[in-house]
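**Student:** Sharing a structure, written as structure tokens. Questions coming.
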Amino acid sequence: MQPSCNIYQRARNAKGLTQERAAEFLGISPRSLADYEAGVRFPPDKVATQMVDIYDSQLLAVQHLRQSAALAYGVIPDVPDLCLSQAVLNLIDCVYTFADNQMDRQLIEIARDGIISEEERPRFDHIMEQISNITSAAFALMCSHRDRRD
């Protein structure tokens, strides 16, 4: 699966590295890195793991997984690139929306008998969409740019 956007270049640029310097850290040729960033070739997981570490980007890990495995794409939500404060606010807003609309109670009501009826299906699908939004927001917080005081 080829990258639909240049996640590798964005992560490298965010770290402030040139292609040459990043390739040196990664132990690959600048040409290979350029090919990965241009979508000509897909980086192997080993190289992507090194990029995550060197670029200090958990978001890159999530994006690489979604793009490298069809199974992961269907399970791991799309994760927005947010700063810490935006990610916190987004997550809290999603959780409050879920709670304010009593979707937890609705989900219990639907699932109680272990069957999702035709009448319940639209409501269940809407609840699952909201859970997906919460999951995406939680991933965004885990991957957010935060000042690290090491």
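The values are calculated or read from the model by the stated rules, or taken from the named source; none is laboratory data. What you see is a predicted model; the values in this text were computed from it and never measured. Cβ atoms come from the backbone with ideal geometry, glycine included; neighbour counts cover every protein chain shown. SASA here: full protein model, heavy atoms, side chains in, ligands and nucleic acids out. Shrake-Rupley method; radii C 1.70, N 1.55, O 1.52, S 1.80 Å.
**Student:** Which of the following values of Rg and Dmax of the Cα atoms in Å was calculated from the structure shown: [x] 19.3, 60; [y] 15.5, 51; [z] 16.7, 58?
**Tutor:** Comparing each candidate, only [x] matches the computed number.
**Student:** Find, among the GluC sites (Glu not before Pro) in region 71-146, those assigned to loop by DSSP (not H, G, I, E, B) with at most 11 other beta-carbon atoms within 10 angstrom.
**Tutor:** Glu118, Glu119
**Student:** Once the Cβ-Cβ distance between Asp78 and Asn101 is put in as r, and R0 is 22 Å, what FRET efficiency do you end up with, to the nearest 0.05?
**Tutor:** After rounding, the FRET efficiency stands at 0.50.
**Student:** Further question: To the nearest 20 Debye, how big is the dipole of region 43-109 about its Cα centre, given +1 on the beta carbon of each Lys and Arg and -1 on that of each Asp and Glu?
**Tutor:** 200
**Student:** Can you give me the % of accessible surface on the chain that is carbon or sulfur? Probe 1.4 Å, all protein chains present, nothing else counted.
**Tutor:** 53
**Student:** Give me the accessible area per residue for the chain, probe 1.4 Å, as a whole number in Å².
**Tutor:** 63
**Student:** Could you let me know the centre-to-centre spacing of region 14-32 and region 52-131, using Cα atoms, in angstrom?
**Tutor:** Region 14-32 and region 52-131 have Cα centres spaced 34 Å from each other.
**Student:** OK, next. Mind checking the dipole of the chain: about its Cα centre, +1 per Lys or Arg Cβ, -1 per Asp or Glu Cβ, Debye to the nearest 20?
**Tutor:** 680
**Student:** For region 18-93, state which trypsin sites (Lys or Arg not before Pro) are in a DSSP loop and have at most 11 other beta carbons lying within 10 Å of their beta carbon.
**Tutor:** Here no loop site has a sparse enough neighbourhood.
**Student:** Hey, another quick one. Report the GluC sites (Glu not before Pro) located in region 1-79 that are in a DSSP loop and have at most 12 other Cβ atoms inside 10 Å of their Cβ, or state none.
**Tutor:** Passing sites in region 1-79 do not exist.
**Student:** Turning to a different aspect of this structure: Pick out, from Gln58, Val47, Asn90, the residue whose Cα sits farthest towards the positive end of the charge dipole of region 9-106, with +1 on the Cβ of Lys and Arg and -1 on the Cβ of Asp and Glu.
**Tutor:** Towards the positive end, the residue furthest out is Val47.
**Student:** Report the local net charge at Ile54: Lys and Arg +1, Asp and Glu -1, summed over other residues whose C-beta lies under 9 Å from its C-beta.
**Tutor:** 0
**Student:** Label point 7 Å out from Asp45 along Cα-to-Cβ: which residues of region 60-85 have amide N under 16 Å?
**Tutor:** 61-76
**Student:** Determine, from the Cβ-Cβ distance of Asp56 and Ser132 and an R0 of 35 Å, the FRET efficiency 1/(1 + (r/R0)^6), rounded to the nearest 0.05.
**Tutor:** 0.85
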